Amino acid sequence: SCMYIFEIYFEIMQLKSNNQETWLKKAEIIAREQNIKFDSRSKINFLDSLNSINNNTFSNLSASTFFNNKNYQNGIPTANGDTILPLGGISNSFTTLDKENGYFPIVYLDNNGFRNDINLNDINNIDFVLIGDSFAESYSVDNRHTIANTFISKGYTTLCLAKAGNGPLTELATLIEYGEKYKPKFVIWFYCFNDLVNLNKELNSKLLKKYLYKNGFSQSLIKKQEDVDKILKY
């Protein structure tokens, strides 16, 4: 019970904190005072610039984009009549994340739309799979400084299956849909201060709750990446 009391406290404090736009303005002022380079462009402008170099560039979408919307929280119809709720992003694409460190990191998404620099068809014997939200995804740093690449630099084959906005139920679903295929030696499941709030939103999705209550349930998303790409692109 003590853990939940602390969790509620931190959520209240977070709601009272300044919004991101105000924070970024303060960060830009501090960066200027310390002669630190700060990218003044908006994320949309940066994505436009990146898209002019590589037209396979898109916004970084995650499951929370859909389970926060009543029209899509139980899945999105596909062209073949199926209904799926994407958990990964657009395969083999480029995106960016927030500029919390003053710059927009250029991010490559793998075959399943997760932040990995490796070809998933060429790997086996995975040491670690990382499950979590933006913290595990290493949201605002470049590839050299991600949590996954820290493990990789130590010689451990590591796969990141984290997405910003994920809560415990989406993380469970991701582990079932993708993590089980790679049979890692260890799963590192990141718990963050906002997980209870995200879980409360996730429980509005009847589809997501099937992962918790229906034994063996799967959307077989790893076989439906073409459908996922079409949904997220259009």
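For the condition touching a residue at least 40 places away in the same chain (Cβ under 8 Å), under 18 Å from Lys223 (Cα atoms) and in contact with a Phe, Trp or Tyr (Cβ under 8 Å, 6 or more places away or on another chain), Ile176 qualifies.
Of the residues Tyr72, Tyr103, Tyr108, which single one is part of a strand (DSSP E or B) and over 12 Å from the mean Cα position of the chain (by Cα)?
Numbers: Tyr72 fails: part of a strand (DSSP E or B); Tyr103 fails: part of a strand (DSSP E or B).
Exactly one of Tyr72, Tyr103, Tyr108 is part of a strand (DSSP E or B) and over 12 Å from the mean Cα position of the chain (by Cα), namely Tyr108.
The set of residues from region 208-234 being touching a residue at least 60 places away in the same chain (Cβ under 8 Å) and either among the hydroxyl-bearing types (Ser, Thr, Tyr) or part of a loop (DSSP other than H, G, I, E, B) (or both) comprises Gln219, Lys224.
Restricting the first member to region 131-151 and to residues that are of a type in the set (Val, Ile, Thr), and the second to residues that are part of a helix (DSSP H, G or I), the beta-carbon pairs closer than 6 Å and six or more apart or on different chains are Ile131/Glu171; Ile131/Leu175. Hey, among the residues in region 97-131 that are among the β-branched types (Val, Ile, Thr) and touching a helix residue (DSSP H, G or I) at 6+ places or on another chain (Cβ under 6 Å), which one's farthest from Lys233 (Cα to Cα)? This residue is Ile126. Restricting region 97-125 to residues that are farther than 22 Å from Glu180 by Cα and surrounded by 20 or more Cβ atoms within 10 Å (Cβ to Cβ) leaves a set whose member that is modelled with the lowest pLDDT is Lys99. The residues on offer are Thr158, Thr146, Thr174, Thr170, and the sole one that is in contact with a Cys (Cβ under 9 Å, 6 or more places away or on another chain) and buried (at least 19 other Cβ atoms within 10 Å of the Cβ) is Thr146. For region 61-72, the criterion of being open to solvent by less than 50 Å² (accessible area, probe 1.4 Å), aromatic (Phe, Trp, Tyr) and touching a helix residue (DSSP H, G or I) at 6+ places or on another chain (Cβ under 6 Å) is satisfied by at least one residue. Residue check: Phe193 meets all listed conditions (1) in contact with a helix residue (DSSP H, G or I) (Cβ under 9 Å, 6 or more places away or on another chain); (2) within 30 Å of Asn101 (Cβ to Cβ); (3) modelled with pLDDT of 90 or more but one, namely (3). Taken over region 126-143, the criterion of being surrounded by fewer than 20 Cβ atoms within 10 Å (Cβ to Cβ) and either touching a strand residue (DSSP E or B) at 6+ places or on another chain (Cβ under 9 Å) or within 21 Å of Lys224 (Cβ to Cβ) (or both) is satisfied by Ile126, Asp127, Phe128, Asp142, Asn143. I want to confirm something. Restricting to region 177-207 and keeping residues that are open to solvent by 80 Å² or more (accessible area, probe 1.4 Å) and in a strand (DSSP E or B), which single residue is farthest from Phe66 (Cα to Cα)? It comes out as Phe186. Has region 162-173 got at least one residue that is β-branched (Val, Ile, Thr) and under 15 Å from Glu137 (Cα atoms)? Yes - at least one qualifying residue is present in region 162-173. Return the total of residues in region 37-54 being outside any helix (DSSP H, G or I) and under 21 Å from the mean Cα position of the chain (by Cα). Matching residues across region 37-54 total 1.
Scanning region 75-100 for residues that are under 27 Å from Val141 (Cα atoms), part of a loop (DSSP other than H, G, I, E, B), of a type in the set (S, T, N, Q) and touching a Lys or Arg at 6+ places or on another chain (Cβ under 8 Å) yields no hits at all.
The values are calculated or read from the model by the stated rules, or taken from the named source; none is laboratory data. As the structure is a computational prediction, the values presented were derived from the model and not from experiment. Neighbour counts are summed over all protein chains in view; Cβ atoms, including those assigned to glycine, are modelled from backbone coordinates with ideal geometry. We work out accessible area using only protein heavy atoms, side chains counted, and drop any ligands, DNA or RNA first. Shrake-Rupley method; radii C 1.70, N 1.55, O 1.52, S 1.80 Å.
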